[in-house]
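Only the coordinates and a few stated rules stand behind these numbers; no lab work does. Only a predicted model underlies this, so the values are computations on that prediction, with no experimental measurement involved. No Cβ is skipped: glycine too gets one built from the backbone with ideal geometry, and neighbour counts run over all protein chains shown.
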Amino acid sequence: MTRHLQLRSAARSLRRTPLLAVPLTAALLLSSCGTSGSDDGTDPSSESASSSTDTSADSDTASTGVDTALFLDGALTEEPTVEDCTLSGGTETTCYRITVSGYPVDHETGPFCPDSITDSAEEGGIWLDGENVYDLDGAFFENLAETYDDDGWLMYDENGDIYVTETQEEFEAAARPDVDPDLANHCVEGSLEWLENGEPITTEVLIPTTPVAAESAQTSQGNNGITLDGVVIAASAPVEAILSAYTIAAFDDCGGHYNPFEGYHMHGATGCSEVGEAEDGDTAMFGYAMDGYAVHSPFEEGEEPDDLDECNGHTTETAGYHYHANPAAENQVIECLVGQTSASAEGGDGGGPPDGGGPPDGAAPPNGAPPAGAAPPEQ
Ligand SMILES: [Zn+2]
Ligand SMILES: [Zn+2]
């Protein structure tokens, strides 16, 4: 709720901000949604990982631990390894070092931005701003000034053609802290071929092999987790900064998009990347949170069970303790974490900045650098 109020207040301040007065430092649009794992010593000869069969009984948050066999073929660039790690609460345990490929192995990426205000939703992806999720059809772009109550929005020309980042240079210029003013009123999209070497950007994470409860739930900082099809579940996208630069950082229908630093990553759970069957009355799993608990798809509105905790987690007979992702509209995939995360990952760049927080691995507040005068970081 707090988030929504803050977004509304940010939206109000946007309306008072003339186009050219947008603080340039405010908008590191698509950059740095997360982290590249930690760099503490990896023993290349670490034992090869296998599916964990550990169980932690007698707990509301019992879980069988991370099952590396659930990752789809090709989702990981190498076999996970196991190493000693110290968790955020001081627990000494073991963690998997997992490298996700950075490209979803079970679906193509895009489309992101439609070409014309006459295009249907099939030609575009989605936009999510913390309050709503929108189909990126032509009408969305036609109505932007009304949607955000700001006449500074005009993202199409006299022919109805939508301004879209069309080159690698434009993409990069729209995804840096000082957004090129020429790219205001552009729908920002990237592509695999515009990443360095045209290759997916891999991300290494350390995740406890078996989750260990934390003393209290923590808002997930930096990356929220990883998907079973090989993509980082990033922190919230810096919606205020994106909108204050009069840009739309389009997501595809799977809630992911590209930035030049992190490659393709996900901000909204829309039912992609799922594996296995959902239990009766539940939804299917699509990833792991950084504390090692499974993450399942959101419930349909009105179908949430009443046993969800503050982090949208609960325990079922088949799945043990697991989270349910927030609806994509909320711009935060995992509400919070009940388990400890790898302290080394947090202390290195594992707890690093989400979108908008300065250089890719720089220190940044949880929600990036907000526009001047905007609400303080969430929570
Ligand atoms: Zn992003
Ligand atoms: Zn569930």
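Each residue of segment 123-136 was assigned a 3J(HN,Hα) from its phi angle through the Karplus expression (A = 6.51, B = -1.76, C = 1.60, θ = phi - 60°), giving 7, x, x, 9, 10, 9, 10, x, 10, 9, 10, 10, 6, 8 Hz with x at Gly and Pro. Which cross-chain or sequence-distant (5 or more) residues have an amide H under 5 Å from the amide H of Tyr156, H modelled 1.01 Å from N in plane? Here Tyr163 satisfy the definition.
Roughly how many Å is it from the Cα centre of segment 242-277 to that of segment 76-92, as a whole number? Their Cα centres are 27 Å away from one another.
Full extension of the chain segment joining Asp157 with Glu169 gains 2.2 nm, where the gain is 0.36 nm per residue of separation less the Cα-Cα distance.
Note on Thr118/Ser216: beta-carbon distance plugged into 1/(1 + (r/R0)^6) with R0 of 51 Å gives a FRET efficiency of 0.50. Remark: spin-label model distance Asp149-Asp178 equals 3.3 nm, labels positioned 7 Å along the Cα→Cβ axis. Straightening the chain between Asn132 and Glu108 buys 6.2 nm, computed as 0.36 nm per residue apart minus the Cα-Cα spacing. Stretching the chain fully between Asn326 and Glu92 yields a gain of 81.2 nm (0.36 nm per residue, less the alpha carbon separation). For segment 98-157, a simple Cβ point-charge model (Lys and Arg +1, Asp and Glu -1, everything else neutral) yields a dipole of about 340 debye relative to the Cα centre. Applied to segment 106-122, the Karplus parametrisation 6.51 cos²θ - 1.76 cosθ + 1.60 on θ = phi - 60° returns per-residue 3J(HN,Hα) values of 9, 7, 6, 9, x, x, 10, 9, x, 8, 9, 5, 9, 5, 8, 4, 5 Hz, with x for Gly and Pro. Using the beta-carbon distance between Asp309 and Glu199 and R0 = 56 Å, what value does 1/(1 + (r/R0)^6) give for FRET efficiency, to the nearest 0.05? Efficiency at R0 = 56 Å is approximately 0.90. Using R₀ = 25 Å, calculate the FRET efficiency as 1/(1 + (r/R₀)^6) where r is the Cβ-Cβ separation of Glu79 and Thr316; round to 0.05. In this case the efficiency is close to 0.25. When peptides 80-92, 107-119, 232-244, 263-275 are ranked by their average number of other Cβ atoms within 10 Å per residue, the highest-first order is 232-244, 263-275, 107-119, 80-92. Comparing Cα centroids, segment 166-199 and segment 209-223 end up 34 angstrom apart.
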